[in-house]
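Laboratory data are not the source of any read-out in this text; all were calculated from the coordinates shown. Just so we're clear, the structure is a prediction, and the values are computed from it rather than from any experiment. Cβ: placed from backbone, ideal geometry, glycine included. Neighbour counts: every protein chain shown.
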Amino acid sequence: MSLMVGVSGIRGLVGKTLTPTLALEFAQAYGTLLGGGRVVLARDSRPSGAMYAAAAAAGLEATGCAVTELGLVMTPTVGRAIRDGKFDGGMIITASHNPSEWNGLKFLDDLGVAPDPARAARIAEIRANAAFNLLKTNFPTREFDSNAGQRHVDAVLAAIEVDTASLRGVRVVLDSINGAGCTHTPLLLEALGCELVHVNGTPTGNFAHRPEPVRENLTELCAQVRDARAAVGFAQDPDADRLAIVDENGEYIGEEYTLALAVESVLSRRPGPVAANLSTSRMIDDIARRYEVDVLRTPVGESHVARAMQANDSVIGGEGNGGVIDPRICFVRDSLSAISLVLQLVAATGKSISALVADLPAYRFVKQKFEMPRDRIQAAVGAVTERFADRQPNTSDGVRIDFPEGWVHLRASNTEPIVRVVAEADSEATAEALTGRVREAAGF
C-alpha cells in the first residue's frame, strides 16, 4: 500500500506509509504555502490522531502559523470554523471512511474548501523538496477552541426552513461508528425533539464495524431500526462528512439517496442550480428537471463540487457517496446538514422515508473496485476512451461513457490504490452488462 496523495489529502497506514515525521513535513509544506497566518487544526477519534495532530501543530507553528486547536470534531465543523473565524486555512487529521489502521491529513483553504489539484500538487512539491520557510524566533502562540462543534450545530438549526414540530418524539437510530460525529450529532437530533437511540456512540476510534457507511457494513443499524421501531436510521463515517440512511422498515436505501433526498428537500423550497460529480446518480438530473434548474457535473472529489457550487451560486450539491454540501453552512460534505435536510423533508411532507424513496426515479447501481497500480489504471482509461470514442466520452476524471440505456464511469480512487467502476441503468442486469462491456475494453 503506497501513501495516497491527492485532492482528498494524504492517507497512509499508521506507522508504515504515514509517520509523524511525514505529518510534520506536510504541515510545514502547507504552512509554507500559506506564508503563515491563522490555521485551525482538528482530528477525528482514531487512536493515532493525537500523535499526528501534535506533529502537524509543530509543523504549522514552525512556519509561522498561529494554530487554533479544535480537538476532536467533525470535518465539516472545521469548514464551518474557518468561515466563522475568517481563518487562512485548516487541517484535519483523519482518514475518513478508511479502516482504523489508516490515518491521514486533510487541508482546507480560507474558504473552507479542499485544495484544487494545482494547490494540492504544490503542497506535495514543497514537502518533496523540503522547501520549508521555517522561523528561527518569534513563534506564534497556540489557542484552543472548544465550542466549534456547538456553533456548527447552531448554524444547522438556524438554517431550518420548515415547521419541525412533527419531529418531536420521532425515534431515530444513529450509528456514529465511534467517530467524530459521536459528540455533537446527538445535540442536533435532541434540539429537533427526536428520541435518539445512539449506537457506537463513544468516540474511541475503535470502530465497531468497517467504517464506510455502505450496505454490507450496516447490518447492525438495520436491525436496530427494526428492533426500536424507529422512523429512520442514520449512519456516519468516522469524520462525519458522509451519511447513509436506513428506512423505517430497517432497509438500507442506498447511499445515492442521501443526496437525492437533500436535493428534493432544498429545491422544493428554493429552486436553483445543483452540483454533483460524474459518479452521482441521474436521480439528481430528474429532480432538477422537475424544478427546471441545471445540474453541474464535476470530477469526483468535494473540492471540485464545492468550487462549481461557488462559481454558479448552487443552492445544494454533493456526491453520491452520502456527501451533502449545503453552502449556507460550509463547503464541505456535512452529515449534520444531510440529517437536517432529510428530516425537514419528512416534516414538510408527512411521509415516511420509504414513501419519499418511492417518489424518486428508480435506478440500479453497480459499484465495483479493484486493486490496481496507477499506471495500469491510466492505460485502462485510455483503452476505454478509444474503444467508445463515438459516445463522446467525458475524460475530466477517468472516463465516463453514456449509453442510451445507462452510463459507466471508470476512474482511479482519490483515496486508495484502486480503480472504481460505477454503472447506473434502469435494471441491475443492464448496469452489469454495461460494466462488462467497459471492463472488457479496459482489459480487466
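Observations on the model:
- Within the listed set VAL113, VAL199, VAL332, the residue fluctuating most in the Gaussian network model of the chain (springs between alpha-carbon atoms under 10 angstrom) is VAL199.
- Looking at the stretch 199-278, the trypsin sites (Lys or Arg not before Pro) that sit in a DSSP loop and have at most 14 other Cβ atoms within 10 Å of their own Cβ are ARG229, ARG269.
- Exposure proxy ranking for TYR252, TYR363, TYR291, based on other Cβ atoms within 10 angstrom of each Cβ and starting from the fewest, stands as TYR291, TYR363, TYR252.
- Value of relative contact order over the stretch 29-68, rounded to a whole percent, pairs C-alpha under 8 Å and six or more apart: 60
- Taking 7 Å steps out from each Cα toward its Cβ at ALA121 and GLU432 produces label points 4.1 nm apart.
- Sequence-distant residues sharing a close amide H with VAL14 (under 5 Å, placed H): TRP102, ASN103
- Ranking ALA120, PRO404, GLY317 by Cα position along the charge dipole of the chain, where only Lys, Arg, Asp and Glu carry charges on their C-beta atoms, puts ALA120 farthest toward the positive end.
- Sparsely packed trypsin sites (Lys or Arg not before Pro) within the stretch 349-444, loop by DSSP, other Cβ within 10 Å at most 14: LYS351
- GluC sites (Glu not before Pro) restricted to DSSP loop in the stretch 211-251 with at most 12 other C-beta within 10 Å: none
- Contact order relative to length of the chain, as percent, for alpha carbon pairs under 8 angstrom and 6 or more apart: 14
- Note on THR141 and ALA311: with the Förster distance fixed at 35 Å, the Cβ-Cβ geometry gives a FRET efficiency of about 0.40.
- Projecting label points 7 angstrom from Cα along Cα→Cβ for THR219 and ARG151 puts them 4.3 nm apart.
- For the chain, share of DSSP beta bridges that run antiparallel, in % to the nearest 5: 55
- Taking all C-alpha pairs of the chain, those more than 30 Å from each other amount to 42 percent.
- Theoretical FRET efficiency, 1/(1+(r/R0)^6), r = Cβ-Cβ of ALA128 and GLU101, R0 22 Å, to 0.05: 0.30
- Close Lys pairs in the chain (alpha-carbon distance under 29 Å; sequence gap of 8 or more, or different chains): 7.
- Label separation (ALA348 vs ALA379): 5.1 nm, computed from points 7 Å beyond Cα along the C-beta direction.
- Rounded Å value of the spacing that divides the Cα centres of the stretch 176-218 and the stretch 68-85: 19
- Extended-chain gain in nm, criterion 0.36 nm per residue less alpha-carbon gap, ALA358 and ASP286: 24.5 nm
- Mean separation of Cα contacts under 8 Å (6+ apart) over length of the stretch 2-90, as relative contact order %: 31
- Considering helices alone, the calculated mean residue ellipticity of the chain at 222 nm is -11000 deg cm²/dmol, with DSSP H runs of length four and up weighted by -39500 (n - 2.57) and normalised per residue.
- Rounded to the nearest 20 debye, dipole of the stretch 4-146 from Cβ charges on Lys, Arg, Asp, Glu: 140
- Neighbour counts of C-beta atoms inside 10 Å place SER396, SER146, SER335, SER100 in the sequence SER146, SER396, SER100, SER335, starting with the fewest.
- Estimated from the Cβ-Cβ distance and a Förster radius of 41 angstrom, the FRET efficiency linking ALA228 and PHE403 is about 0.45.
- Among ASP241, ASP154, ASP227: highest mean-square fluctuation, GNM of the chain, C-alpha pairs under 10 Å: ASP227
- Mean Kyte hydropathy of -1.0 or more with a Cα span along the axis of at least 18 Å, helices from DSSP in the chain: 20-34, 49-62, 335-349, 374-387, 428-442
- Assigned charges on the beta-carbon of Lys, Arg, Asp, Glu; the stretch 364-442 dipole about Cα centre (debye): 220
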